[in-house]
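Inspection log for the structure reproduced underneath, given as structure tokens.
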Amino acid sequence: MTTPLRDEAQKPATSPERLHELINLPRDRGDIDSDAGWCREYAAANPSASLATLTELAADQDDFMSRLNAAKNPALDEQTRWS
């Protein structure tokens with residue numbers, strides 16, 4: 001299911017600031033239908049995500065898919081990826 005927030009998190013034209021807002025939506029990230037969890041995964045893969053956003057997502061021990069997508073994002077540099 002797609003939603004406007006999920007679409008926004010996937011679009012490369014979305015600003016880095018907005019992507020950071022989307023990863024901090026105040027809903028239950030564990031709920032499969034929640035935009036909060038999906039937006040984190042999509043923003044982690046978005047090439048427009050800032051280094052700060054990717055670093056935050058890569059460090060989240062409770063969110064495997066966001067960590068994986070952030071690690072695969074070319075905007076995350078090698079030193080940050082493995083620290």
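The values are calculated or read from the model by the stated rules, or taken from the named source; none is laboratory data. Owing to the predicted nature of the structure, the values given are computational and were not obtained by experimental measurement. Backbone-built Cβ (ideal geometry, glycine too); neighbour counts: all protein chains shown. Protein only, heavy atoms only, side chains kept; ligands, DNA and RNA dropped before computing areas. Shrake-Rupley method; radii C 1.70, N 1.55, O 1.52, S 1.80 Å.
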(message) Suppose we filter the stretch 32-51 for residues that are open to solvent by less than 70 Å² (accessible area, probe 1.4 Å) and either of a type in the set (Gly, Ala, Ser) or outside any helix (DSSP H, G or I) (or both); how many remain?
(response) 10
(request) Quickly run through the stretch 15-32 and pick out the residues that are in contact with a Ser or Thr (Cβ under 7 Å, 6 or more places away or on another chain) and modelled with pLDDT under 95. (result) Arg27, Asp28
(message) Here is a list: Asp63, Asp28. Which entry is surrounded by fewer than 17 Cβ atoms within 10 Å (Cβ to Cβ) and of a type outside the set (A, V, I, L, M, F, W, C)?
(response) Asp28
(request) Please list, ordered by first then second residue, the pairs with beta carbon atoms under 7 Å, 6 or more apart or interchain, first in the stretch 7-21 and more than 9 Å from Asn46 (Cα to Cα) and open to solvent by 60 Å² or more (accessible area, probe 1.4 Å), second assigned to a helix (DSSP H, G or I) and of a type in the set (S, T, N, Q). (result) His20/Thr53
